[in-house]
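Asks: Structure provided below as structure tokens; questions to follow.
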Amino acid sequence: MSVVQMVKIVGLGAVALTLSVEWLGWLFCRLWPRKISRGPLKEVFFFPTEVACTERLFTPNSPFPCPCPLPHNINTSFTRLLVHILSASSSLDLCVFAFTNLDLSRAILALHTRGIPIRILTDMDYTLITGSQIGAIRRAGICVRCDSGAVHMHHKFAVVDGRRLITGSLNWTLTAIQSNKENILVTEEPDLVLPFITEFQRLWDVNDPARRHLPSITEKPASLVL
């Protein structure tokens, strides 16, 4: 075999190899798009948000158009927040100071209807404010614990499926969403999510109603008091 033939064969082999790698890369992208993501999810939303219809998020398969006068089929900071909440498939832990927004309450109740385990930790004082959704959520059978400490439980974060953190300055209220200058960060970065999981569990345990009513070791049972 001549040198020229050898060079041609090697050249054709290199071209074939390059095309094969490109084709395999394209196929991999088509079949496993999540495998080549740019790393953990990271998103930032700012408020106030444009007011838009959210009905499509709750009834995506409805054959009937929504008759409300609000803009439809547009993405806003609030609709993106709802999408992340409604994406829960195995659990939702919510730690929130004030909760009056009806759409967010509807999202929580929708998850509960789907059988998603939900835990909510909130500030005791702010369960009593006008429009609080905590009562309706409790009546639906969702587990809620209240922090009744001397200072406010001022956190605003949620952990979706134990891997997605939603946190920021935003209270779950209409005023915060439509009027205030607020922010939300959504991330699946494990180094950021894990501390919030740990803190939620700590607060959840501390505010267990059963712990508050445990008798002191110095107390005698009523039946033994003479």
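Each value in this text was obtained by applying a stated rule to the coordinates, not by laboratory testing. This structure is a prediction, so every number in the text was calculated from the model and none was measured. Note: ideal-geometry Cβ built from the backbone for every residue, glycine included; neighbour counts use all protein chains shown.
Asks: Assigning unit charges at the beta carbon (Lys, Arg +1; Asp, Glu -1) and nothing else, what dipole magnitude in debye, to the nearest 20, does the range 69-140 show about its Cα centre?
Replies: The dipole magnitude comes to about 240 debye.
Asks: Let a ≥ b ≥ c be the square roots of the eigenvalues of the Cα gyration tensor of the range 107-166; is it rounded (a/c under 1.5), or, if not, prolate (a/b larger than b/c) or oblate? Numbers along the way, then the final one.
Replies: Numbers: a/c = 2.26, a/b = 1.31, b/c = 1.73.
In terms of gyration-tensor shape, oblate.
Asks: Where does the charge balance sit around Thr173 when Lys and Arg score +1, Asp and Glu -1, over other residues with C-beta under 15 Å from its C-beta?
Replies: Values: positive: Arg106, Lys156, Lys181; negative: Asp103, Asp123, Asp125, Glu182.
Local net charge: -1.
Asks: Suppose every Lys and Arg Cβ carries +1 and every Asp and Glu Cβ carries -1, with no other charges. What dipole size does the range 86-187 come out with about its Cα centre, to the nearest 20 debye?
Replies: Computed charge dipole of the range 86-187: roughly 260 debye.
Asks: Could I ask something else about it? Among Ala158, Ile129, Leu170, whose Cα projects farthest towards the positive end of the dipole of the range 120-186, with charges put on the beta-carbon of Lys, Arg (+1) and Asp, Glu (-1)?
Replies: In the range 120-186, that residue is Ala158.
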